[in-house]
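Here the structure is laid out as structure tokens; the discussion comes afterwards.
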Amino acid sequence: MSDREDISPEERMRMLSRRSFLWAGVATLGAGVVWQSILRSPRRNGMLAPLRTVNELNRDLWERLFRESSLAPEFDKRLAGSRYNSNIGLTTEMDPSTWRLKVEGLETGDRLLTLADLKRLPRVEQTTEFKCIEGWSQIMTFAGARMLDFAQRYRPKLRSGASNRESLQVGDVVPYVWMETPDGAYFVGLDTPSALHPQTLLAYEMNGQPLEVKHGAPLRLVIPVKYGIKSIKRIGRIRFTDVQPRDYWYEDGYDWYAGL
Ligand SMILES: Nc1nc2c(c(=O)[nH]1)N[C@H]1C(S)=C(S)[C@@H](COP(=O)(O)O)O[C@H]1N2
Ligand SMILES: [Mo]
């Protein structure tokens, strides 16, 4: 196309818009081709592989933004209510008197703890907003032991090279924590800085009452810096580990980190 002097401004405009229309078409086609190839790609942990790659970049970003000192907002406990969601891993009979918490990945080997052992740790009550990935949220009050106090009492394995100090250094602990229900049907993987965040509780009370079965009796996790999927009900096992643990919803295509 030569730049002729005798084209009217109107004709020039029409040519320009025809040209941009063409480019818009090419771009749309290109995006379509890219999208088709994404749709044809294999799945990785329940998500199309290229989308999972972007999801993991996003997770790295969240992890870097996470600050141990940043706290989830707390509320007046008169605002607390209750809401129930799903019950994976809660369907078998539960006798709290025979329930034991298996703890693995400690410096001194494995332990079997009773609810009384957990109640000997300082009792912390906390009113936070529980956020489910399905879109609802609910302010609830929980009481129990801080995971941080738990780890201070039952010392987890340290990363290689880290030295044992009087007060636990979260950065020295192995990078992951895994929890599962006694029947193994529900399980969550956590990064250690979130698992040992000062607001992360091993809760045995909710809204001033002993935890009900449907809310995870005798012991559940409450981790306000994560979406509700990570707040596992009815914990049977806690493991401190070097390898990224399995996670129920991650394997179904959700975000592993699930941070708020
Ligand atoms: N064992 C177990 N824990 C679980 C779940 C589950 O199905 N089984 N659901 C999770 C989800 S998606 C949410 S939103 C919360 C709901 O907790 P609530 O029923 O006490 O409100 O528990 C989480 N912990
Ligand atoms: Mo949820």
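Within the stretch 134-162, residues that are free of Cβ contacts under 8 Å to residues at least 24 places away in the same chain have Cβ atoms under 7 Å from residues that are within 16 Å of ligand 2 (Cβ to nearest atom) and open to solvent by 10 Å² or more (accessible area, probe 1.4 Å) in these pairs: SER137/GLU129; SER137/PHE130; SER137/LYS131, counting only partners at least 6 apart in sequence or on another chain. On the stretch given as the stretch 91-126, residues that are exposed (fewer than 10 other Cβ atoms within 10 Å of the Cβ) and among the charged types (D, E, K, R) total 2. State yes or no: is GLY46 of a type outside the set (Val, Ile, Thr) and modelled with pLDDT under 90? Against the criterion (of a type outside the set (Val, Ile, Thr) and modelled with pLDDT under 90), GLY46 does not qualify. When LEU106, LEU115 are screened for being closer than 16 Å to HIS215 by Cβ and more than 22 Å from the chain's Cα centre (by Cα), only LEU115 passes.
I'd like to check something: does the stretch 234-247 contain any residue that is open to solvent by 10 Å² or more (accessible area, probe 1.4 Å) and either within 16 Å of ligand 2 (Cβ to nearest atom) or over 26 Å from GLY46 (Cβ atoms) (or both)? For the stretch 234-247, residues open to solvent by 10 Å² or more (accessible area, probe 1.4 Å) and either within 16 Å of ligand 2 (Cβ to nearest atom) or over 26 Å from GLY46 (Cβ atoms) (or both): absent.
Limited to the stretch 171-189, what total is found for residues that are more than 26 Å from MET94 (Cα to Cα) and either buried (at least 16 other Cβ atoms within 10 Å of the Cβ) or in contact with an Asp or Glu (Cβ under 7 Å, 6 or more places away or on another chain) (or both)?
Let us first name the residues in the stretch 171-189 that are more than 26 Å from MET94 (Cα to Cα), namely 171-176.
Next, from what is left, pick out any that are either buried (at least 16 other Cβ atoms within 10 Å of the Cβ) or in contact with an Asp or Glu (Cβ under 7 Å, 6 or more places away or on another chain) (or both): 172-176.
Looking only at that region, the number is 5.
In the stretch 74-81, the condition of being away from ligand 2 (no atom under 16 Å from the Cβ), without any contact (Cβ under 8 Å) to a residue 40 or more places away in the chain and surrounded by fewer than 13 Cβ atoms within 10 Å (Cβ to Cβ) is met by at least one residue. Can you find even one residue in the stretch 30-45 that is among the hydroxyl-bearing types (Ser, Thr, Tyr), loosely packed, with under 10 Cβ neighbours inside 10 Å and out of contact with any Phe, Trp or Tyr (no Cβ under 8 Å at 6 or more places or on another chain)? Looking for residues that are among the hydroxyl-bearing types (Ser, Thr, Tyr), loosely packed, with under 10 Cβ neighbours inside 10 Å and out of contact with any Phe, Trp or Tyr (no Cβ under 8 Å at 6 or more places or on another chain), one finds none in the stretch 30-45, hence no.
If you go through the stretch 220-232 and keep only what is in contact with a helix residue (DSSP H, G or I) (Cβ under 8 Å, 6 or more places away or on another chain) and surrounded by fewer than 24 Cβ atoms within 10 Å (Cβ to Cβ), you end up with just VAL225. Taking the stated definitions as given, is ASP255 touching a residue at least 12 places away in the same chain (Cβ under 8 Å), open to solvent by 10 Å² or more (accessible area, probe 1.4 Å) and either farther than 21 Å from CYS132 by Cβ or away from ligand 1 (no atom under 16 Å from the Cβ) (or both)? Taking the combined requirement at face value, the residue does not satisfy it.
The values are calculated or read from the model by the stated rules, or taken from the named source; none is laboratory data. Predicted model only: the values in this text are computed from it and were never measured. Because the Cβ atoms are built from the backbone with ideal geometry, glycine has one as well, and the counts that use them run over all protein chains shown. Surface accessibility is based on the protein's heavy atoms, side chains included, excluding ligands, DNA and RNA. Shrake-Rupley method; radii C 1.70, N 1.55, O 1.52, S 1.80 Å.
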